[in-house]
Amino acid sequence: MRLGITDAVKHLIIINVLMFIGKEALQQGLFDSLFAMYFPTNDLFKPWQVVTHMFMHGGPTHILFNMFALWMFGTPVEQRLGTKKFLFVYFSAGFGALLFQLGYYYVDYFPAMQTVSELNFNSDLLSKIINIDASDGRLIKGEILSRKMMPILNEYGFSGNISNAQFSALFDLNVINRSAMVGASGCIMGILAAFGMMNPNAKLMLIFLPIPIKAKYFIPGIIILDIISAITGQSFFSPSNTAYMAHVGGAVIGFLIMWYWRKNSMDNYRWN
């Protein structure tokens, strides 16, 4: 394996860095509102965000680690697969990551909608409530949501009572609706899975846990930790606002693509 950087990896890094510079140089809120991936019910949602969110990052550390991982694992994968197949894995993993995370959100979204339906809100009223900015820093607070929704309820002539369960459901809908995804992590997890299938005995390690572990154990371990983090909310090695199921989705799609290509190793889909 030669050292250096391959063409697709280089251009992906350049695009990510340019997007990050644009975000930092211009109004961050404007850039995020245009290119981050918002939940489909959010007023800020735009179709192109399905792609552009893969090139957005939350801060210097976020982009630094992602671009380092893209260079480290993407270069050998592209060398082995070729540019076209590498990009197919990369973007397929990104879309898979998005679908997994949205699916995870919808698991909570539908029950909350069922509870809120008892209030008989019309679509405009519900949309305004779940689009309220109830954040205080990075936290969304129930007391802020309650305070800001009262004028809206009065505007629409709502005079009924809202139970604790119904308010909790409205809060959950607001949190889900205002969630935004950014980053190339899902794409990179797909590339990491591809790397692991090509090099199962390659030894990898976490920066803060410098113990070499074979890729065939390391990568499934990372995925399991992401699943546990998504279920429990307990973060092991990522910030608490990480879209854990996006990591899982990217890795699963990367694995499935590579498994299919290897399974069909006698035809044109052979990857080695």
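The values are calculated or read from the model by the stated rules, or taken from the named source; none is laboratory data. Not measured: the values here are computed from a predicted model. Counting neighbours? That spans all protein chains shown, and the Cβs are built from the backbone with ideal geometry, glycine included.
Structure data summary
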quantity: Where Val175 falls short, out of the listed (1) free of Cβ contacts under 8 Å to residues at least 24 places away in the same chain; (2) buried (at least 17 other Cβ atoms within 10 Å of the Cβ); calculated: (1)
quantity: Members of the stretch 114-146 found to be in a helix (DSSP H, G or I) and either buried (at least 17 other Cβ atoms within 10 Å of the Cβ) or in contact with a strand residue (DSSP E or B) (Cβ under 7 Å, 6 or more places away or on another chain) (or both), listed by number; calculated: Thr115, Val116, Leu119, Leu125, Leu126, Lys128, Ile129, Ile130, Ile144, Leu145
quantity: Unmet requirement for Phe31, which otherwise passes all of (1) at pLDDT 90 or above; (2) more than 30 Å from Ser163 (Cα to Cα); (3) among the aromatic types (Phe, Trp, Tyr); calculated: (1)
quantity: Any hit, the stretch 64-73, residues being within 27 Å of Phe110 (Cα to Cα), more than 15 Å from the chain's Cα centre (by Cα) and not charged (D, E, K, R); calculated: no
quantity: Matching residues, the stretch 151-172, being surrounded by 17 or more Cβ atoms within 10 Å (Cβ to Cβ) and of a type in the set (Asp, Glu); calculated: Asp172
quantity: The stretch 93-119, subset of a type in the set (Ser, Thr, Tyr) and touching a residue at least 12 places away in the same chain (Cβ under 8 Å), residue nearest to Leu256 (Cα to Cα); calculated: Tyr104
quantity: Residue in the stretch 153-163 that is within 30 Å of the chain's Cα centre (by Cα), modelled with pLDDT under 95 and either assigned to a helix (DSSP H, G or I) or more than 30 Å from Ala69 (Cα to Cα) (or both) present; calculated: no
quantity: Residue match in the stretch 213-232 (condition: β-branched (Val, Ile, Thr), modelled with pLDDT of 75 or more and in a strand (DSSP E or B)); calculated: yes
quantity: Contacts under 6 angstrom Cβ, first residue in the stretch 4-31 being over 20 Å from Trp48 (Cα atoms) and touching a residue at least 60 places away in the same chain (Cβ under 8 Å), partner charged (D, E, K, R) and in a helix (DSSP H, G or I), 6 or more apart; calculated: Thr6/Glu78; Ala8/Glu78; Val9/Glu78
